[in-house]
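Okay, so here's the structure we're looking at.
The values are calculated or read from the model by the stated rules, or taken from the named source; none is laboratory data. This is a predicted model, so every value here is computed, not measured. Backbone-built Cβ (ideal geometry, glycine too); neighbour counts: all protein chains shown.
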Amino acid sequence: MISKPRTIGLIITLLLSLVVQLTSAQQKAIKPNVLFLFADDQRADALGASGNPYIQTPNLDQLASEGSRFANAYVMGGNHGAVCAASRAMLLSGKSLFHVYDKLKDERTMPMDFAEAGYSTFGTGKWHNEKEAFEASFQQAKNVYLGGMADHYSVAMRDYDDNGKLGEPTFKSYSTEVFAEGAIDFINAHVKSGTDKPFFAYVAFTAPHDPYSPEAAYINHYPDGSLPLPGNYKPFHPFEFDNLMVRDELLTGWPRQPEVIQMILSDYYALVTHLDSQIGKIIQTLKDNDLYDNTIIVYAADNGLAAGSHGLLGKQSLYEHSTNVPMIIKGPGVPKNETFDAMVYLYDLYPTLSELAGLPKPNQVDGKSLVPILGGKEKEVRSSLFTAYRHTVRAVRTPEWKLIRYPERDYFQLFNLKNDPLELNNLAENKDYTATKDELITLLKDWQKISDDSAAFTTKEIKPLEYDPATLTRKPDRWQPEYTLKRYFKGIEKQ
């Protein structure tokens, strides 16, 4: 016969055990999901929430109003013309440009940390950093594109086979819609499985990267001539640097005709608006499954794009239009309808998401958590910011000033970003700003040391700034569909 005190003790023990189990279950239930939405070649101002009155991005604007937007988010740069490869490597490893370059094989990645913490990890879309690295990073996959550029209507998609390896490619419909469908199917299947695991889903679109070929229903969504030229439009870049014939720059001729730049912007904005519509479908899927409130949603892009600014088309420069990117975070632990001016890198998102989700602090990253900013405890995580492109351009900026250095030309540009955000008035040779220039030169050299950047500040051979645009010729590449061939390459033989 069991004594009364012992009976009471057993009941208390059982009750305590039940409480512990319930608490554990509740903790599992409230652990946030993570949905990472990544655009390709979207400049920061190609977004309604950034103050652009011409572009339509209602779903992204709604995310920004329900979360926080970082107005000064940057890609650190690239070590070759495909800046997106280095950008994605930095984002997923949390490391800076000179510590990861564009390779992820054998690197620790953000989704690996989430998988180790009990998350179901899923990837879809563009992967530009080695097949083996993708397979090591994600437990589930659908509609994965291994590559950089592609015709949006003809993208080679791969799924996992029975061995958890990416199989042979198949060709499906328009890329933006196929990647969105992959994410939607994953979310629905995750819920249907009944698992109590949270998920980490990485959705990497190929839009609005060229070809400038919107989905058929979005062609002429922005009629030609209806969009204004960029405020820093130029028919030519004012001097030569690096390679003005890098692939992106061949998508229209010289001089850059105003009406053609407006055509490009019409197609570019249409690509973004279509992307926004597909993101709206993914968000609605979260809401339909009662997951929206407990999901951290990140929207960002790998790099910006000139699209006619400074006489350039691509991202192979260190002007604001090519390095400044959109960054929105919404979800648990994130204030609503806030815009932060702190200077941040894309690779800061790795430690930020880790902290927001309650994961252990990653100790191998260069990025800094933005949670102190989101929580109102700090105004900034760094007081200046360094960017680099190949060995040919270096830049440093503070909240007010920006200095760009061209080592092969022994040339500087100095801009007051507060008074001249379009970077039109070069003050480098103005004696009134000599002290500012000298301070920024010292800061730039310090950043090179800190970042392990070994590029020369001045090369032994100095090349001329002058060039003749009439000598520049171009041909369409193999990714251009019929729409863009007719629109942008009339009478030009295809490669």
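Some observations on this one:
- Going through (1) touching a helix residue (DSSP H, G or I) at 6+ places or on another chain (Cβ under 9 Å); (2) free of Cβ contacts under 8 Å to residues at least 24 places away in the same chain; (3) on the phi > 0 side of the Ramachandran plot one by one, G491 falls short only on (1).
- Scan the range 413-456 for residues that are touching a Pro at 6+ places or on another chain (Cβ under 6 Å) and surrounded by 13 or more Cβ atoms within 10 Å (Cβ to Cβ) and the total you get is 0.
- Residue in the range 179-202 that is more than 26 Å from F114 (Cα to Cα), among the basic types (K, R) and assigned by TED's automatic domain parsing to the domain that holds M112 present: no
- Verdict on E423 being in a loop (DSSP other than H, G, I, E, B) and in contact with a Ser or Thr (Cβ under 6 Å, 6 or more places away or on another chain): no
- Checked against the criterion of being assigned by TED's automatic domain parsing to the domain that holds D45, within 30 Å of N426 (Cβ to Cβ) and either without any contact (Cβ under 8 Å) to a residue 40 or more places away in the chain or exposed (fewer than 14 other Cβ atoms within 10 Å of the Cβ) (or both), the candidates G231, G225 yield just one match: G231.
- Matching residues in the range 440-479 - criterion: being modelled with pLDDT of 95 or more, within 29 Å of the chain's Cα centre (by Cα) and not in a helix (DSSP H, G or I): S451, D452, D453, S454, A455, A456, F457
Rundown of residues vs (1) charged (D, E, K, R); (2) in the same structural domain as L422 (by TED's automatic domain parsing); (3) without any contact (Cβ under 8 Å) to a residue 60 or more places away in the chain, yes/no style:
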| position | (1), (2), (3) |
| --- | --- |
| H237 | no, no, no |
| F241 | no, no, no |
| R247 | yes, no, no |
| E259 | yes, no, yes |
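- Near pairs, Cβ below 7 angstrom, 6+ apart or cross-chain, from the range 74-91 (assigned by TED's automatic domain parsing to the domain that holds H128 and touching a residue at least 24 places away in the same chain (Cβ under 8 Å)) to any residue that is in a helix (DSSP H, G or I) and basic (K, R): G81/R247
- Verdict on D366 being of a type in the set (D, E), over 30 Å from M245 (Cβ atoms) and either touching a His at 6+ places or on another chain (Cβ under 8 Å) or not assigned by TED's automatic domain parsing to the domain that holds G182 (or both): yes
Yes/no per residue for (1) surrounded by 22 or more Cβ atoms within 10 Å (Cβ to Cβ); (2) in contact (Cβ under 8 Å) with a residue 60 or more places away in the chain:
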residue: N337; (1), (2): no, yes
residue: L349; (1), (2): yes, yes
residue: N363; (1), (2): no, no
residue: E380; (1), (2): no, no
residue: F386; (1), (2): yes, yes
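- Residue match in the range 410-420 (condition: closer than 21 Å to E320 by Cβ, out of contact with any Phe, Trp or Tyr (no Cβ under 8 Å at 6 or more places or on another chain) and not polar (S, T, N, Q)): yes
- Looking only at the range 120-132, and only at residues there that are buried (at least 22 other Cβ atoms within 10 Å of the Cβ) and at pLDDT 95 or above, the one that is farthest from Q278 (Cα to Cα): T121
- In the range 180-206, residue nearest to L35 (Cα to Cα) [restricted to those that are in a helix (DSSP H, G or I), among the β-branched types (V, I, T) and in contact with a Leu (Cβ under 9 Å, 6 or more places away or on another chain)]: I187
- Residues within the range 255-273 that are in a loop (DSSP other than H, G, I, E, B) and surrounded by fewer than 19 Cβ atoms within 10 Å (Cβ to Cβ), tallied: 2
- Search result, residues across the range 307-322 that are out of contact with any Gly (no Cβ under 6 Å at 6 or more places or on another chain) and either of a type in the set (F, W, Y) or over 13 Å from V246 (Cα atoms) (or both): A307, G308, S309, H310, G311, L318, Y319, E320
- Flag for E177 being in a helix (DSSP H, G or I) and without any contact (Cβ under 8 Å) to a residue 40 or more places away in the chain: no
- So L305, is it in contact with a Ser or Thr (Cβ under 9 Å, 6 or more places away or on another chain), over 18 Å from V203 (Cα atoms) and of a type in the set (A, V, I, L, M, F, W, C): yes
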